[in-house]
Structure formats: structure tokens, C-alpha cells
Amino acid sequence: MTDLVLSPDRLLPADPATRSVARRLYQSVAGTAIYSPHSHVDPSMLVDDEPFSDPAALFITPDHYVTRLLHAHGVSLRDLGCEEEGRPGETSARAIWRLLCTHWPVFAGTPVRWWLETELSELFGVRETPSAATADRIYDHLCQMLSSDAFRPRALFARFGLKLLATTDDPADDLSAHRALRADPSFSGHVVPTFRPDRYFDPTAVGWTAALADLAASSDTSCETYSGLLEALRKRRAVFAAHGATASDMGVPDAGSTPLTAAEAERIHRSALTGQVSVADATAYRHNMLFRMAEMSCEDGLVMQLHPGVIRNHHLPTLRAHGPNTGHDLPDATSFTRPLAPLLNAFGTHPQLRLILFTVDETTFSRDIAPLAGFYPTVYAGAPWWFLDSPAAIARFRAAVTDSASFTKTSGFIDDTRAFCSIPARHDMSRRADAAHLAHLVVTHQLPEDEAIDIARRLVSEIPVHAFKLEAYTL
Amino acid sequence: MTDLVLSPDRLLPADPATRSVARRLYQSVAGTAIYSPHSHVDPSMLVDDEPFSDPAALFITPDHYVTRLLHAHGVSLRDLGCEEEGRPGETSARAIWRLLCTHWPVFAGTPVRWWLETELSELFGVRETPSAATADRIYDHLCQMLSSDAFRPRALFARFGLKLLATTDDPADDLSAHRALRADPSFSGHVVPTFRPDRYFDPTAVGWTAALADLAASSDTSCETYSGLLEALRKRRAVFAAHGATASDMGVPDAGSTPLTAAEAERIHRSALTGQVSVADATAYRHNMLFRMAEMSCEDGLVMQLHPGVIRNHHLPTLRAHGPNTGHDLPDATSFTRPLAPLLNAFGTHPQLRLILFTVDETTFSRDIAPLAGFYPTVYAGAPWWFLDSPAAIARFRAAVTDSASFTKTSGFIDDTRAFCSIPARHDMSRRADAAHLAHLVVTHQLPEDEAIDIARRLVSEIPVHAFKLEAYTL
Amino acid sequence: MTDLVLSPDRLLPADPATRSVARRLYQSVAGTAIYSPHSHVDPSMLVDDEPFSDPAALFITPDHYVTRLLHAHGVSLRDLGCEEEGRPGETSARAIWRLLCTHWPVFAGTPVRWWLETELSELFGVRETPSAATADRIYDHLCQMLSSDAFRPRALFARFGLKLLATTDDPADDLSAHRALRADPSFSGHVVPTFRPDRYFDPTAVGWTAALADLAASSDTSCETYSGLLEALRKRRAVFAAHGATASDMGVPDAGSTPLTAAEAERIHRSALTGQVSVADATAYRHNMLFRMAEMSCEDGLVMQLHPGVIRNHHLPTLRAHGPNTGHDLPDATSFTRPLAPLLNAFGTHPQLRLILFTVDETTFSRDIAPLAGFYPTVYAGAPWWFLDSPAAIARFRAAVTDSASFTKTSGFIDDTRAFCSIPARHDMSRRADAAHLAHLVVTHQLPEDEAIDIARRLVSEIPVHAFKLEAYTL
């Protein structure tokens, strides 16, 4: 268990005939360009192009995939260097790295292990399995790598073969990082923002009023009225589009989309500004907002990504101590078909709309998402995501979704990650898992091999390009 | 990708040892007689025995499996020849056929592709894969085939090896087509109606009053009172039984089955006739109807098929333009165990009742349906159906249901189709998928091969015969 | 189909390379000591150590896994010797045994068949498949075996390699059987009680007042007040712990855990004692009880097992005739993440708490349980259980849970059985199913084989020892 050696066949099916088909399918896409239309990378990282500070900051502390499983095994977030009560963490990077290495066995069988192994081995040339005995050697090796120019963000961006990277941004964000990147003649990569208006949906949320103020300032439009808020959002969408954005993204507790009359919406907006809003009104307000975002997508063509059904910040003591995105956003039972009926009745066949549905409740794969994508021309089945981005879950997704939605009404893979170096590993996992799935169809004579190769290729090119409207970024 | 050649091993597992067992299992049932106890074929097609008009009318326009996926890829239902605002479609059959052929790649990996390939190849001798280049040649070939006597409905009925075909019929249907078939000495096939009283369940539905009038006329019994309605239904059930029916079938929004007192039911019935009925009362009325249908099944022995959890006509603009059954009936989250408690407490061990539960929400396979079928002697797990009738879903069904319900408390396959020519293809898919599943049990030593062969055989004979009470049609 | 011969490779994957890895993994745990931390064995059986009376009483009548599937196929519980209206059944043991043998085919593909085959073959040396023809011969053979000392309970306990057996006991139980076993120098096995306070949770349940009386007597503490009830429970927990218990266990309709103020709880308790309690109050009372049990676990360290979502006694006529636990406790749609939020916010990171979550709704595997276990250090994913304890369901469990929770945050297998002789068969099935799963990870290069062997070993030793706090029983 000391050598870290990755098989070229990993994730490919064991049956020899199936594996040999899967190899050919995988080879046809291995290492080809990556579209990353949904990430959480900070664009200023690419503007500054500073070397990454240390292995802990690169692989551990900001990545809730890693920290949550360590936390589940009794490691405190403090010891993992997470910020505490607003102050940066104080644990040394080496100590954090050692915690990961000594807990290496608990990651067995998880996608996190797979990604980290791929990154360490293929990107950084690590040849030893992390453990207490090897932690320091690997740490030193990584530090040395990180200090070289080849491991600066822009160099990695090129090495990853990233054709497009979409970040996630608040409507009030000034997009200066994106502007700087576009203005920089020395950087030719495509990095675009994504319009994520979640902060404006829930008028009972802490920070809603502050968000309105931010938005008003950034759009030069008063958000005192609901129509003002819509106008401000519409303006900012145009600015995002002018900065290259092709998509919006919405995380909501549920997918309810019943519209309100303008008067009703204004009434609730006014009440909310005075802090007087009932739960029912807040919910109606939120559902109407989702409807309005779809309406704007029909106008301006921004793709609409939707991921309902996440309970945010389940453990309040951790939220208070360490802030949000610390591993306890948890899945809720979800549905799409009923709650989206108003939105889809209004816009479901609109030629400008693309609606990509993501879920963390896999019961919706075959019950909601695939049937919707299998009728509505606007609806696409979003790639398996977050808690469902493993080889096993990708296999379940394809098996559950293809019957009704086919391959062509899926979104193509998204990495959804804050961990920059995991991007190629995640896309590689997806390509291997899809090759495995397609190979199974080939050997059971459900698909000819040449058609499977074509599908494998389109799943990483035409299909995401079409779903996310990336045609301008294919060159 | 031009030759259309079907492997004899399709859908059988890739592992050589498993495949060789699966081959033997499949061979033991391949081509044996078909019981089709749940179809949507129009019986007058068999009365008239006219040649099918053209390939579009045979394979595309009336089959929402085909049209919905084309619609999902941007093809309008108008261009697929669907009727529009009550008028028949005007697109030429050849143009519709071309649309299918040019969109052939989008069907990759779907069961629709599999069925169509099987039909074209095995039934019609097509040797080319559909595409823009081959569309006209295939069309002409099909037209030629359809003009021969061998492709008239009755000749196909015999060629398919159909031992029994059950249609789906409104209680007010005069069953004249069924009568004509039974009276025709030149047709010896078994074609029986199925009693489907959905139109009478929801007193708020458009058409409920008209349905009552139809039923009153057909049964010569006033439906002004609820007891009259029940009496009319009871009479029509007897007429259906006299025409060979062995089963009823109910599609309901949910499986609620709480009975009402006679007085309560009469009160709601009276209110509904005046158009004054609350949502709560309408729901209670519907639940009571389900209970009464089970009660009548205990009296007259008609098998009760139940499929709750479908949201009908999700996209109202399409309903208005093109009518119902146009591909946007969509699955809802469903349960059986709680809502069926009143019905099962009353009739769950009744010796006359068979209750076959179908679902489009596969979470109910292992959670509701299998445990119910694994205790109640009256309850059977309906075959995977509609959105779940693919090889992958059949595998999930068997894996989820067998533990608690075994093979013998499942219904046997049903094709549930309007597409007459797809019947043998669908049954063949099911037989291959069951052979694959059983072969897995054999090679993992969960079942001896001779017992697996016996189960494969019973799954297409004794098991559906018993579940649907088809004993009279086995000769 | 007459010889009963068990392959050494049963349940291991068919692919030769995978099977050979799986064999090595299985061999590393086959026959090693069994921890059974959650059973329903009656401890007095071990105190008395009387020979089992007959094969029907050993294999059929008390085991609802067996009786429910026979009942589903039309065999009455009376004919299976179940007690009727409180009187013991009168069917002869031989007649019951014949019913099982003649219905042998209906068990094909079920885990019950697998367990029974394993028990008959490996434990009792039966060499013929049960059938009408062999029923009497096998019966006589079994009777002969049962009359020998080698088949008395204590001899079997030793032969099974049982390192620990935890029974399930009411808080008011006097634990005399456990005391007798511990006091008996001729018995060195570890048999411990489990604290199961279900009877005290629902103040509207028949028997709640009687339960309070029992508890008051056993704890010498009045349960007239809610604080008295809590005090009584606390005392009994201490007594259980003093008798070796390491765990509590709770079966609840739902996992709601919102606490009440002491005053509110007292108010509802008082109302309930007078028989005046609303459904809403009863639910609030029950949710508060769950919270209090977690609170006590933090104090006294008893592991908390939780299994919500079972609808008890679905068929009231069977309950009235044959009592509870007769095969119609059925799964309900369930969730954990929302309802457990109050409990986990209060105690989710408490160093003393272990909370093991079991489900019969497998939608919660990847949606609720794994994400909770993948963040909260206190939460463990309980082994697949009850309706989900088959090879297929174990495979689904591992595939759904490992990504987020890893192997180390699962509980290890529990057999949950009343059927003493099925214990080694059930653990063997689990070990084979886990070997199959791990072998798949090895051959797809997700895990090195030596690490997989280590995990297989830990899954039957360190992992359950840690989850159930069995450190004292490892010698």
C-alpha cells in the first residue's frame, strides 16, 4: 500500500470484452479539451496568477468534499484550517496535510480519494500513497512543485486543456476579475461569469436587504420596488452577457414556480422591506422570482440552471463558527414535475430557453427529470452532481435517464468545484464512467461501437456546447 | 452505421459464462405465445382488417413514446402529423417518416430505438439503419410490405403468436367491435375488453356529466344518484365479463381508498351534478370510488389493475392544440402502502380479488409494492411500465422486487402499447431482460439453472395467466 | 432440482477475474467471529438451553420473513401454526413443515431461500432440496439433529462463533434472563440487552398507561409526571448498562426530534394520562422523547439506534387474529435530514453520542443517511435491514452510501432476526455481498486488493465494535 500507481484502465468494466470496448471509447476522448460550464473557481486566482500557497490551501481547507469526510471522522474544522468566527484559520499547512494523510484509509472507495489520487499522481508526480509515514515527504514534494511556474494557475489552466471555465457570481459582482482577464492580452483562455441571483430570492433571509442595496448600487437602479428589482436584475444579466456569460444558475429550496401578479409581488416586496413578511408570502415571492428568471431567459437567452432541494447549513453551530459551505448543506426530498408546471406551461417550448435541472435526490432521475427532458424541448437533464458525482452514481444516472431523455437531452459533465486542480480529474472520471456505460450498451448489442464512440465524443463537446450555448467558445 | 443487423444475443449479459446461461434461458421462451393482458390497441382494427395506411401512421404519429422524444428535440407535433385542434394532421406520411429517420441518432440507447429496430428488421426485413440517406428507400420498402396481405392486422396477430389481447375500454363502450370479432368465424384469436372506469372517478373533471349520460344510456340505468351510478357500473362490468373481460384498470392521481357512507357519497354526487363540489369532496368521492371498484371485484372477480401517480396533460398548450396522450403525461411521486390501507383492510385477503399495482415512480418498487405483494395474497407487483419498460428498468424492477415479492407475485409482462407492431418486440425485450436477470442468479449460485428455466417459462405463461385470470384463454 | 449442494462461490461475481479477487476477500473473513449487536433472539432460550422442539418452531412459525411470503401465496397464518386470538397454534409441526417444502419454488431468488438453504445444508447436513417428495425425510432428519446435544442453543451459540449477541428488551424488563446467563459459570458467551423504549413514546397507543405502570414498578419511580418518566427511563438505562448493554434502539413512525419545554411535556403527559391528547400533542410528545433519548445517550454513552418509517400492523384483521409481528409491518416513505435537525443541532458533534440510522426506504441511502454520516461525527449508516437485507440490496446500499459516508461510517452488518439459526447464514451473506462489492472496486482499480482485504476484515470487526461500542466484548 505504499506505491501510488494508477492503472490506465481504472473505472473501466472488469469483463474483458467490455473493457476492451470501453478502452477504445475512453481513448477517443481522453485528454481532449474540457468545457467547464459550472464551477466555483475564483476568477481572481487567474488574474493574479500567483503560485498556490501550500498543499493544504490547494487540496483541503476550501474543499468541503474533503473537510466534511474528515469532520465525519472526528477531525475538527479548526484543525483543518477553516476560518473561525470570521478569522482565518491558524493551523499550519503541514499539520493539515498530515491530517489528510493519516486519514487516507477513510477515503477508500470515495470519489474524493479517486480525484486526489489522480491529481497527486498525474499532475504532481507523487509516487507514494499518502500515510503518516509519507505525509512530510509528499508535502515537501508538493511545495516544490507549487513553487515552479508550471504550477501557477494560468499554466495549469492551459495544461488542463480548459476550453472554457464558467465561474459563479452574484449579480452585484462588478466582474472586474473577468474584465481584467478579458483585457489581458497574455491570457487567451475563456473565463466567463454565471449569473447567480440566489441572494435576491428569499425576502426573509438575513442579508436580503443588504443584497438589494448592493444590486441597486451595481445596476444604478433602485430596488425599493419589485419592478425596480426586476429591472436591476435584467440590467445585470445584460452586463453578465456582455462579459461572456451564457448562463444563469439558481439554487432554491424547492422548484415552485407559480407567478404572482405585479401588484401581489410589489405588496410582498414592500412588506419585506419593512421586515414584515409571512412564510407563505416569502414562498410565493420566491416561486414568482423563479418564474421571472425563466421569463428573462426567454428574453435574453441566458441558459437557466436550476438545483432545488438542498438544505443549507444544517448544523448551525458549525455555521456560526466556520461560516457557510463547510460540508453540511444536505439533500432534501425533491420533485420537479409538479412545481415546475407553471414555468413550463408558460415557457416550456420557448425557442430561447434552456432549462438544465440538477438534483441531489436521485429519485428524481427517472421520475421527474428524464420524463421532463423527454418531452420539453427546453429541458435538459443536468449531470449527476455534488453528492452524486461518483462512478457509481454516474452509472445510475445514465441507466435511469437515458430511456426517457436519451444522451442528447443531458447537459454534459459539470465539475461544480472549488478545487481547481480537481477539474481534470473530475472530467476524466466522468469520461471513464460514460465509456463504461456506453461499452455495456455496445456489448449487449444495444448500440454499435462506432455510434458509441460518436456519443462519447459528443458528450464532451457538442452536447455541453449546445446545452450551455457555448458555440462562441469552441475555437 | 448503415447495416441494420441484430445480434441474436442482444440484451444478454457480456460475461461469457453468464451469457451462455442467459442464451439457454432466453431460448426456452423465445417466440413462444404472447399474452397481452394490457394493451391500448383499437379492436376495430382487427374487425376491419384493413391494410395499415402508411409507415408514419403505423410507427410514429399515434405512438407518444416516439413523438415525445422527437418533440423533446425540437420537432413540432404538427410536423409529426398529430391532429391539431381536432382536425387530422396534414403532414405527408413520407415527410413524417423522414423526420424519424433524420433523428435516428437521438434515440440511441432508448427502448424506443430497440423496439423500432426489432420491428423493422424482424418483422419488415429492413436491412439498413434509418438515416436521411436511407429514409426514402426504407419508406418505399415498408409501403410495399404493408400492401401485402401478410401485413394486415389479423395476419400479424397470428404471426405475433398472440394468444390473448386485452384492449382498454370505457364502461359505456358498446363493445360492438369485440362482439363482431367474437361473432366472426374467420377470426379465432382471443381479444377481450378491459373495464376502465376512469371517466367516472373525478366529479370535477370536464366531461364527467357527459360520461354519466353515456353510461346511463349504455346501461339503461339512471346515474342521477350515486347508487344508480354504482348499479350502472356493476351492470357494465357484467357485460364486459360476458364479452370475455377478466380485468378492470384504473388510472388515478393517487391510490387513496377511504370509503364513504352511502349518504356521504350521495351528497357529493348530488352537489357535483349541480357543479358545486369542493376539492376535498371530489377527492373523497374519488377515493371512495376506488374502494367500490375493489368491492365489485370481490363480487364479480374482475382483476383490478391500478396505476396511480401520473400527472395528466402537464403542458396545457399542447393539450389544447393536439389533445391528450401526446407525451406529457408525467410521473408524480407516489405511494401505495398508506393510501391503500382502507381497501386492503377490507378486501386484502378476499379470495376473489387480484390487485395488480403499476407505478411510474420506481421508489415504490422496494418500498411499497414488493412488501405489499409479499404479504397480501391479493396483491401483485405489476411489470415495469411506461417510463420504466426498458432493459435497465426491468433489471432494477427484478432486483428491487424479488427479495420481498418473489417472481410469483409479479404480474408477467404487459406491453401497454398503442403501437400494434411493437407488441412482439416489447415482449421479446422483456424475455431477454428476464433471462439476463435469471442468468445472473444462476451464475452467482442463487438459483439452479433448471429452476431458472422453469421461472423464465412461467413468467410468460402461468404467472400472467394466474395474475390476470386468463385460464380460459390458454388453449 | 433434488440435490441441495451449495457452491463455495455463491454470491461472488461471475466475471472470472472479479470472482477470484472476491474469493480472496471472502476467504479472509469466512467463518471469523460474529458480532450480532442487533437481534431479536429471546435470551431465556440460552438460559434454559432446551433442545428446539421441532423444525416448524425453529424455521417457520416465529419468522415473519418466512410466514409472510407463504401468506402472500395463499397459505393462512393459522395453517402455519401462528397463535390465534391469543391461543397457541394447533397445526402439527410436520404439516407446517410440509407447507414450507411444497411452497419451496415461491422462495426462488429471495434471501429467505438463501438463508434456509445455508442453514439446512451447512448446519444440519440436509442434502435434498425441500419439496413435497422430500418434506417428510428432511423433517425426520431435522428432528433427529435437534434431539442431539450439538443442536442445543448454547452449543449452536459456540458453533456459530458468536462473540456477542445483543437482544432487544423493554425498559421494564427485569433482565433476569441476562442476569442468569451472566451468573452461570458454564456459559461464557457475551449476551447483552438493548434498551428499546418504544412503548413509552406514543401517549395515544393502546398500552401506554400499562407500560408506564410496568416501568414505574421496575424502576421504583412514579411515572405520573413526565419528569418522573424520564427519571425512570434514566434509571433503567443505567441498569441495562450494568447488565452489559451498550446500545438503545428506537422504532418510530418518523424521525421528528423537536424538543419541548419541560412544562409543555408535562402538560401533554398529564392530558395523556386522562386519555385526552390530540394527535398534534401526541406527535410533539413523541418527537420530544426522541430528543430526550439522544440527550441521555450523551450522558450515559448508550449507542442510539434509530429506525423510523415503518407502518406497524397494516392489516388489522391479521393483527386481531394473530397478534403483532406477523408480516404486515410495512415501509413508509421516510426522511432523516429535516426531522433530525433539532437533535443533530443539539448533539450532532457530541463526543459521547453514536447515532446509527436504519431505513426500509432505500431512497434515503444516498439522499439522507450517507450525507449525514459524511458530515456528523456522531452519525453512522446502519446496515441494510429488514426488507433490504438481500445481496441485491446490500450492493445498492454500498454503491449508494460509500461515496459520501465511506466504509468506516457504516455500522457493520446486523442480522435483526428472531430466527436463531439464521444468524450465521445472514452474516455469511453479508460477507459475501461485501466481498463482491469490494472485488468490483479492486478490479476497476478503485482500491488496491490489500486495502480491500483490510476493509473486508474491518467490516466484521473494528467497524461494528466501534459503532456499537463493543470494545469490552472483543476478547
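Is it fair to say B:Gly251 is under 25 Å from the mean Cα position of the chain (by Cα), open to solvent by less than 50 Å² (accessible area, probe 1.4 Å), farther than 24 Å from B:Ser39 by Cβ and modelled with pLDDT of 95 or more?
For B:Gly251, the condition - under 25 Å from the mean Cα position of the chain (by Cα), open to solvent by less than 50 Å² (accessible area, probe 1.4 Å), farther than 24 Å from B:Ser39 by Cβ and modelled with pLDDT of 95 or more - is not met.
Please go through the range B:304-318 and give me each residue that is out of contact with any Asp or Glu (no Cβ under 9 Å at 6 or more places or on another chain) and within 27 Å of B:Thr364 (Cβ to Cβ), ordered by number.
Correct list: B:His315 only.
Considering each residue of the range C:1-27, count those that are more than 14 Å from chain B (Cβ to nearest Cβ) and open to solvent by less than 40 Å² (accessible area, probe 1.4 Å), and give that number.
Total satisfying the criteria: 2.
Go through the range A:370-381 and give me each residue that's touching a residue at least 24 places away in the same chain (Cβ under 8 Å) and buried (at least 24 other Cβ atoms within 10 Å of the Cβ).
Answer for the range A:370-381, where residues must be touching a residue at least 24 places away in the same chain (Cβ under 8 Å) and buried (at least 24 other Cβ atoms within 10 Å of the Cβ): A:Ala370, A:Pro371, A:Leu372, A:Ala373, A:Gly374, A:Tyr376, A:Thr378, A:Val379, A:Tyr380, A:Ala381.
Just need a number here: residues in the range A:156-206 that are more than 20 Å from A:Ser219 (Cβ to Cβ) and either of a type in the set (S, T, N, Q) or outside any helix (DSSP H, G or I) (or both).
Residues flagged as more than 20 Å from A:Ser219 (Cβ to Cβ) and either of a type in the set (S, T, N, Q) or outside any helix (DSSP H, G or I) (or both) within the range A:156-206 amount to 17.
Based on what the data block shows, is C:Gly251 more than 30 Å from C:Ala333 (Cα to Cα) and either touching a Ser or Thr at 6+ places or on another chain (Cβ under 8 Å) or outside any helix (DSSP H, G or I) (or both)?
No, not satisfied.
Evaluate the following for A:Gly207: is it touching a Lys or Arg at 6+ places or on another chain (Cβ under 7 Å), exposed (fewer than 14 other Cβ atoms within 10 Å of the Cβ) and more than 30 Å from A:Ala472 (Cβ to Cβ)?
When the stated conditions are applied, A:Gly207 passes them.
Only residues that are in contact (Cβ under 8 Å) with a residue 24 or more places away in the chain and open to solvent by 60 Å² or more (accessible area, probe 1.4 Å): list them for the range C:187-204, please.
Answer for the range C:187-204, where residues must be in contact (Cβ under 8 Å) with a residue 24 or more places away in the chain and open to solvent by 60 Å² or more (accessible area, probe 1.4 Å): C:Arg199, C:Thr204.
Scan the range A:93-114 and tell me whether some residue there is more than 27 Å from the chain's Cα centre (by Cα) and of a type in the set (A, V, I, L, M, F, W, C).
Yes, the conditions are met somewhere in the range A:93-114.
Can you find a residue that is open to solvent by 10 Å² or more (accessible area, probe 1.4 Å), touching a residue at least 12 places away in the same chain (Cβ under 8 Å) and part of a strand (DSSP E or B) anywhere in the range A:142-155?
No: zero hits.
With the checklist (1) touching a residue at least 24 places away in the same chain (Cβ under 8 Å); (2) within 22 Å of C:Ala177 (Cβ to Cβ) in hand, flag the one item C:Pro88 doesn't pass.
(1)
Being crowded, with 24+ Cβ neighbours inside 10 Å and within 22 Å of the chain's Cα centre (by Cα) narrows it down to one of A:His322, A:His307, so name that one.
Result of the check over A:His322, A:His307: A:His322.
From the list C:Asp281, C:Asp249, C:Asp202, C:Asp254, exactly one residue is of a type in the set (D, E, K, R) and under 19 Å from C:Thr167 (Cα atoms). Which is it?
From the options C:Asp281, C:Asp249, C:Asp202, C:Asp254, the qualifying one is C:Asp249.
What number of residues within the range B:56-92 are over 21 Å from B:Met45 (Cα atoms), within 21 Å of the chain's Cα centre (by Cα) and either open to solvent by 60 Å² or more (accessible area, probe 1.4 Å) or not polar (S, T, N, Q) (or both)?
Residues that pass the stated criteria total 2.
Residues are listed down the side, and each one gets a yes or a no for (1) more than 7 Å from every other protein chain (Cβ to nearest Cβ); (2) touching a Pro at 6+ places or on another chain (Cβ under 9 Å); (3) β-branched (Val, Ile, Thr); (4) on the phi < 0 side of the Ramachandran plot:
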| position | (1), (2), (3), (4) |
| --- | --- |
| C:Asp361 | no, yes, no, yes |
| C:Phe375 | no, no, no, yes |
| C:Pro384 | yes, no, no, yes |
| C:Gly412 | yes, yes, no, no |
| C:Asp416 | yes, no, no, no |
| C:Ala433 | yes, yes, no, yes |
| C:Leu438 | yes, no, no, yes |
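Looking at C:Val47 and the list (1) under 30 Å from C:Ala177 (Cα atoms); (2) among the aliphatic types (A, V, I, L, M); (3) surrounded by fewer than 21 Cβ atoms within 10 Å (Cβ to Cβ); (4) within 13 Å of another protein chain (Cβ to nearest Cβ), which single condition is not satisfied?
(4)
How many residues are within 9 Å of another protein chain (Cβ to nearest Cβ) and within 19 Å of A:Asp428 (Cβ to Cβ) if we restrict to the range A:71-130?
Of the residues in the range A:71-130, 7 are within 9 Å of another protein chain (Cβ to nearest Cβ) and within 19 Å of A:Asp428 (Cβ to Cβ).
Restrict the check to the range B:330-345 and report whether at least one residue is within 12 Å of chain A (Cβ to nearest Cβ), open to solvent by less than 10 Å² (accessible area, probe 1.4 Å) and free of Cβ contacts under 8 Å to residues at least 40 places away in the same chain.
yes
Given the options A:Val252, A:Val279, name the one that is β-branched (Val, Ile, Thr) and farther than 27 Å from A:Lys235 by Cα.
A:Val279
Which residues, counting only those in the range A:310-325, are of a type outside the set (A, V, I, L, M) and more than 9 Å from every other protein chain (Cβ to nearest Cβ)?
Correct list: A:Arg312, A:Asn313, A:Arg320, A:His322, A:Gly323, A:Pro324, A:Asn325.
Search the range C:354-399 for residues being closer than 19 Å to A:Leu70 by Cα and part of a loop (DSSP other than H, G, I, E, B), and hand back the single one that is farthest from the chain's Cα centre (by Cα).
Out of the qualifying residues, it is C:Phe375.
Confirm whether C:Asp428 is more than 11 Å from every other protein chain (Cβ to nearest Cβ), acidic (Asp, Glu) and touching a helix residue (DSSP H, G or I) at 6+ places or on another chain (Cβ under 6 Å).
No.
So, in the range B:220-238, exactly how many residues are open to solvent by 70 Å² or more (accessible area, probe 1.4 Å) and touching a residue at least 60 places away in the same chain (Cβ under 8 Å)?
1
What about A:Asp416, is it acidic (Asp, Glu), in contact with a helix residue (DSSP H, G or I) (Cβ under 7 Å, 6 or more places away or on another chain), outside any helix (DSSP H, G or I) and surrounded by fewer than 23 Cβ atoms within 10 Å (Cβ to Cβ)?
So A:Asp416 fits the description; yes.
Would you call C:Asp214 open to solvent by 40 Å² or more (accessible area, probe 1.4 Å), part of a loop (DSSP other than H, G, I, E, B) and touching a residue at least 40 places away in the same chain (Cβ under 8 Å)?
No: the conditions fail for C:Asp214.
Counting just the residues of the range B:1-13 that are assigned to a loop (DSSP other than H, G, I, E, B) and of a type in the set (D, E, K, R), which one comes out nearest to B:Leu175 (Cα to Cα)?
B:Arg10
Filter the range A:256-291 down to residues that are open to solvent by less than 40 Å² (accessible area, probe 1.4 Å) and either part of a helix (DSSP H, G or I) or touching a Gly at 6+ places or on another chain (Cβ under 8 Å) (or both), then give me how many there are.
16
The values are calculated or read from the model by the stated rules, or taken from the named source; none is laboratory data. Remember, predicted model here, so these are calculated numbers, not experimental data. Counting neighbours? That spans all protein chains shown, and the Cβs are built from the backbone with ideal geometry, glycine included. Calculation scope for accessible area: heavy atoms of the full protein, side chains included, ligands and nucleic acids excluded. Shrake-Rupley method; radii C 1.70, N 1.55, O 1.52, S 1.80 Å.
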